[in-house]
1. Taking the Cα centre of segment B:1-111 as origin and charging only Cβ (+1 Lys, Arg; -1 Asp, Glu), how large is the dipole, in debye to the nearest 20?
2. Positive end of the dipole of segment A:389-445, charges at C-beta (+1 Lys, Arg; -1 Asp, Glu), about the Cα centre: which of A:429, A:416, A:405 has its Cα farthest in that direction?
3. How high is the FRET efficiency between residue B:220 and residue B:267 when r is their beta carbon distance and R₀ equals 22 Å, given to the nearest 0.05?
4. Rounded to the nearest 0.05, what FRET efficiency do residue B:337 and residue B:304 give with R0 = 45 Å and r taken as the Cβ-Cβ distance? Could you check?
5. Using alpha-carbon positions, what is the distance between the centroids of segment A:147-217 and segment A:298-375, in Å?
6. Pop the C-beta distance of residue A:315 and residue B:245 into the FRET formula with R0 = 25 Å and round what comes out to the nearest 0.05.
7. Just grab the label-to-label distance for residue A:37 and residue A:275, each label 7 Å out from Cα along the Cβ direction, in nm (one decimal).
8. Can you list the lysines whose alpha carbon is less than 20 Å from that of residue B:122, not counting same-chain residues fewer than 8 positions off?
Protein chains: 2
Amino acid sequence: MNAPVSALRSYLEDICGSAYVSSDPEVLYTYGSDQTLHLHFPFDLLVKPGNPEEISKILQYCNRHNIAVVPRGGGSGVAGAALPVKGGVVLSLERLNRILGIYNVDGYVIAEAGVVTADLCKAVEQQGLYLPVAPSSMSFSFVGGNVATNAGSIRSCRYGTTAQQVMNLEVVLPDGRIIWTGANVRKNATGVNPTQLFVGSEGTLGVITKVVYRLIPRPRTEVMLLAGFCCLEDALGMVMALKAAELSPTATELICENALQLTAAYLKERQPLVQDGINTHLLIEFQEPDQVIMDHRLDAVSAILQQHRCVDVLVATTATEKERVSKLRYAIGEAMNSFGTTYRDVDACVPLSGLQQYIETVTAICNRHQVPLICFGHALDGNPHAMLLLSNKATQAELAALAAAADEIYGYVTTHGGVVSGEHGIGWLQQQYLPLQFDENRLSLTRQIKSMLDPGNIMNPGKAAL
Amino acid sequence: MNAPVSALRSYLEDICGSAYVSSDPEVLYTYGSDQTLHLHFPFDLLVKPGNPEEISKILQYCNRHNIAVVPRGGGSGVAGAALPVKGGVVLSLERLNRILGIYNVDGYVIAEAGVVTADLCKAVEQQGLYLPVAPSSMSFSFVGGNVATNAGSIRSCRYGTTAQQVMNLEVVLPDGRIIWTGANVRKNATGVNPTQLFVGSEGTLGVITKVVYRLIPRPRTEVMLLAGFCCLEDALGMVMALKAAELSPTATELICENALQLTAAYLKERQPLVQDGINTHLLIEFQEPDQVIMDHRLDAVSAILQQHRCVDVLVATTATEKERVSKLRYAIGEAMNSFGTTYRDVDACVPLSGLQQYIETVTAICNRHQVPLICFGHALDGNPHAMLLLSNKATQAELAALAAAADEIYGYVTTHGGVVSGEHGIGWLQQQYLPLQFDENRLSLTRQIKSMLDPGNIMNPGKAAL
């Protein structure tokens, strides 16, 4: 341990207590990675502060001594935003794990940044309320991380992404100032409001320590439909029809032929609607306030499914039935991993009107570069995931082919009204593509905001093209 | 005309054409005021640029020569945000009045900043879509002004304020850079997103030139209910019951006894539910996708009204009926003006759980200071308007009493979880109260953002406590 690190360690131990500072290599190995490919990075010290005041002191010290600080939530990111690519300190929010208040009449919840997403959702549901922030990582992701990455979910097509639920934030700025960005009221017209500046900022502008989320009433009914189609075109026709009929489903998960075949082969037992004549699935969910409205919705959907050449449909209302119809969808990730591959997750979001052309283009690009493709995800949001598979023993040529395919896809996306990431973020992995999306004026504004708040560039350096 | 103004005039005429530059005293008198009290301010030149490129050149020139620039929309503000309090140039957006595209499948509209709000709403409704940005000034306010002030409306209780509808903005920054802040897609996780920084910034950070609004399906049914109660407590009990029953009305306009009496006396013909035993009104609106869901809602509301001591209720479904039941609500402003008074509009927003206590406190404060009070507005949002009346011939003592009452009200609001403004903004009139709401750390962040983007302080100087 070199002298500056030793001094840093003493300082951190003085502030947080020695139990909450670690340089154990095994611990650091774990915290040096997230869910991004198989990447991990070395760094000096892990610190687990207990409150915003401790974080303020840490940031002030690191600013004085030019030490990189990487805030870390649950480590569920797939774009590498939590990777300590410049070493330094990893600052875990895991001890800030209290739900501070659920306000039923006023319709909001205050939680510390380190609360696990699923725990918060469960707590508010027990009060008859609902927090529609449900990323697939919700069993281990933190609410602070959801905000820092503007996390989406399968339910964004009804409820929007995390940004839409954030009412107010407590943030420790890089110079140590602790601020509340907004207010806990339903309407707020009190001038410049910096709240949303921190949503999606991926730890580059400060440390989010408390989150105030708007809550809505808990839907009392929820139904899933698994619909099978003979081809992509019919399934997307159904998505457009759902949109046109204004039925506002809470999920419209598309499972393309490649994802369906891979996952059906991976799962041992036979899955529903895996049969001749069906090569594309659509998993549709509705949440409604009560049974009368749900029945009314389902009547309308039923008519539309018939009009759109749905080959077969299963309706799931119990937990067991829902698990059965959604099992294949949720096993796609495991299936991809089990084949000895990792994957480059292309998470572009495109206008809905261009969705079919986007999927066809991605397929053609991958075919041409001989890169295996698995395509599935959030159809109604124009945000399918295109997973470019990569063998763990990939050759240089295969790596080059994957990179070339990704370049072409992002080139297409950004010249057709789309964005580089719909929900996974820019982080470390996607930085090179940001200049495709934004011109120099826009990029310069982001850099200006960064250097205003963090002139020493200590916060999560080397990320988000900053 | 002094030398710098003459040079400025030549420059502006070169850029925009002489037809679009004016120093006519009558024109300047009009553009030197908005809807704020009877205030107006002198300034040098009015300019009406035709596109963002012209605005960019104007801002660059004014930056070099340290000339104040006040962007102006429809002039509907009541907090004085558009008043040229430091003179200089008033930059009207009225020529940027084109709707550039309505994208039905993708669910958004692109409009120039100078489009009149009601025109845009009408245009999207003709396409079967709906823009729930409906401030009471919508017949003459501009969409750019709605964004710049984060305008609310009677329908914010269902749809939120303008902020919730903004997807992307084109902004001319004070140094002349023209940027698009975000992207026209449903999900966007591409790092720091400055879009919402400009929402509610009241012309202090740049000139908003184009607005992209999210659209929702047009509700096919709309019903208004006018409910009469014997007292404020019963009416607010009904508001809480609507909230608890999760009925999500699109309006819950409270009309307190003082507003009811004043307006009923002002209107010549007898108004519905103005009768013995009723001293408080609640105007409730529902918008639903179809008649089945509407009927289901109305059944539920009917039961709740009976439980909450509603004295009488009128149901309005036709345009004529709606006009009849809402006439009194919409005549409150005229009624206040007709009595030879103007008013200080206290537009605080408080937590719903504290609404009744807030109204009682405001009433007590006004009684103590002998300031006439008219109270009405957006109950479910915790955003009633407390109008402190002021005679046009007010004495110094009356002016002092009004100021003292306003001070006390804002002191109460900001120590009880509320904000100084729910929808009207800070502008010129409410600046002094902002430090009650925000601590120095938070205020310093806003100032930092301002000086980052506008180091010369040319944009709308003297506003929003900047």
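1. Its charge dipole is roughly 160 debye.
2. A:429
3. It comes to 0.10.
4. 0.80
5. Each part's Cα centre sits 30 Å from the other's.
6. Calculated value: 0.35.
7. In this crude spin-label approximation the distance works out to 4.2 nm.
8. Straight-distance partners of residue B:122: B:210, B:322.
The values are calculated or read from the model by the stated rules, or taken from the named source; none is laboratory data. Keep in mind that this is a model prediction, so the values were computed, not measured. In this analysis, Cβ positions are derived from the backbone assuming ideal geometry, glycine residues included, and neighbour counts consider all displayed protein chains. Just so you know, the surface numbers come from the protein's heavy atoms only, side chains and all, with ligands and any DNA or RNA stripped out. Shrake-Rupley method; radii C 1.70, N 1.55, O 1.52, S 1.80 Å.
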